[in-house]
Amino acid sequence: MTDFCFDIKPLFPEAIIKVSSDLLPQNFSGKRFMCADVTLKMAEIIDRMGQLSATAQDLINPVTTAQRLEKSDNQTVYLMADGKEGANGVVVGLLKVGTKDLYLYDETGQVHKVQRAPAVLDFYVHESRQRCGLGKELFEAMLAEEKWTPSKLSVDRPSQKLILFMARHYGLVRTIPQANHFVLYEGYFHGVSPSMPLLQATKSVPAILAAGSESQHTSAMTFHVGEANYRKRRLQDPQQQSCSTTDLLSSRCNSDCSMAEIIQGSRARGTNASHAADGQISGTNVRHT
Ligand code: ACO
């Protein structure tokens, strides 16, 4: 359980709080010295929870840190606490979301520039509280606050547990293969007319990037290809590295492969599968080292 040497209860007027770049709980008001104290404590909570999340996902570096949140103007961290546990209360979950400018494939294989795409970036519930419904509660609070719907989310390299979570609670299984490590679910593009002209999917990623760089709007666009340190996972036993989404959904797979990796495996073999359930990953592309 994640406890701290200070009382967390004053920071959590409700079980779930929302924190943005000011590192203050939403609607927090107080004198300047109080704000300084609260931001210090909040930074400690975010850093610790971010580190626990990274460890749980076997990531080399945490995705969520207070410093990174402070520097962003489009990311939000939701934190969940249990004020009744122990003298100081405990923090039990973290969910980081944000918006990203992304190039995304639709079901027909055309590329869209999607600006401010809602994205799930990091998600963690303490091991001692997993599979008790807290993740769903935290996720629902985020959806209500952001006014987002699950099928319209892009998910950054989901873990097995998150893949199963999305299937279990939102019936989201079939995905649209992407060239980056975001996972989109079928329905993502339904009812949405593309805001930018489409590029043909037959172009290579460098060609698309080159085309994108000619546009005045594209400097912030990212394909998230080859990023050096972001969401890198540790290498694992190669014997554990082959599974399919079908295996995941029937809990037969023990490897730590992500849906994006499954999809990339299937793309790499040129299968052009329309959903990841057909994809098998190979030992060579499971981990990004
Ligand atoms: N094994 C299999 N499925 C699991 C597991 C598990 N150990 N844990 C959660 N799930 C899935 C299942 O679908 C489960 O339903 P079931 O129990 O009926 O099979 C469902 O999630 C449970 O839902 P909740 O209880 O609401 O979710 P929970 O509180 O467990 O939180 C979360 C889900 C955040 C994914 C949690 O399991 C966790 O922290 N995992 C470790 C870190 C992680 O993998 N985070 C996602 C990284 S990817 C990203 O953040 C973009």
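The values are calculated or read from the model by the stated rules, or taken from the named source; none is laboratory data. Source: prediction; values computed, not measured. No Cβ is skipped: glycine too gets one built from the backbone with ideal geometry, and neighbour counts run over all protein chains shown.
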Worksheet item: What is the number of the single condition among (1) free of Cβ contacts under 8 Å to residues at least 40 places away in the same chain; (2) within 13 Å of the ligand (Cβ to nearest atom); (3) not basic (Lys, Arg) that residue 99 does not meet?
Response: (2)
Item to complete: Report yes if residue 32 is at pLDDT below 95 and either among the charged types (D, E, K, R) or buried (at least 18 other Cβ atoms within 10 Å of the Cβ) (or both), otherwise no.
Response: yes
Worksheet item: Out of the range 12-44, which residues are under 22 Å from the mean Cα position of the chain (by Cα) and either within 16 Å of the ligand (Cβ to nearest atom) or in contact (Cβ under 8 Å) with a residue 60 or more places away in the chain (or both)?
Response: 15, 16, 17, 18, 19
Practice prompt. Confirm whether residue 108 is away from the ligand (no atom under 13 Å from the Cβ), among the β-branched types (Val, Ile, Thr) and surrounded by fewer than 19 Cβ atoms within 10 Å (Cβ to Cβ).
Written response: yes
Practice prompt. Please indicate, with yes or no, whether at least one residue in the range 167-187 is farther than 22 Å from residue 62 by Cβ, near the ligand (Cβ under 10 Å from one of its atoms), among the charged types (D, E, K, R) and without any contact (Cβ under 8 Å) to a residue 24 or more places away in the chain.
Written response: yes
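The rows are residues; the columns are (1) at pLDDT 95 or above; (2) in a helix (DSSP H, G or I); (3) of a type outside the set (D, E, K, R); (4) touching a strand residue (DSSP E or B) at 6+ places or on another chain (Cβ under 7 Å).
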position	(1), (2), (3), (4)
132	yes, no, yes, no
136	yes, yes, no, no
140	yes, yes, no, no
144	yes, yes, yes, no
151	yes, yes, yes, yes
155	yes, no, yes, yes
183	yes, no, yes, yes
189	no, no, yes, no
Worksheet item: Does any residue of the range 54-67 turn out to be in a helix (DSSP H, G or I), surrounded by 19 or more Cβ atoms within 10 Å (Cβ to Cβ), within 14 Å of the ligand (Cβ to nearest atom) and not small (Gly, Ala, Ser)?
Response: yes
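Being buried (at least 16 other Cβ atoms within 10 Å of the Cβ), within 8 Å of the ligand (Cβ to nearest atom), of a type in the set (A, V, I, L, M) and part of a strand (DSSP E or B) is the requirement here; does residue 162 meet it?
Answer is no for this residue.
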Item to complete: Restrict the check to the range 70-85 and report whether at least one residue is at pLDDT 95 or above, of a type in the set (A, V, I, L, M) and more than 16 Å from the ligand (Cβ to nearest atom).
Response: no
Discussion item. Go through the range 119-141 and report how many residues are more than 8 Å from the ligand (Cβ to nearest atom) and buried (at least 18 other Cβ atoms within 10 Å of the Cβ).
Written reply: 2
Worksheet item: Do we find a residue being in a loop (DSSP other than H, G, I, E, B) and closer than 24 Å to residue 171 by Cα anywhere in the range 91-106?
Response: yes
Fill in: Residue list for the range 40-53, restricted to those being more than 21 Å from residue 143 (Cα to Cα) and either of a type in the set (Asp, Glu) or buried (at least 21 other Cβ atoms within 10 Å of the Cβ) (or both)
42, 44, 45, 47
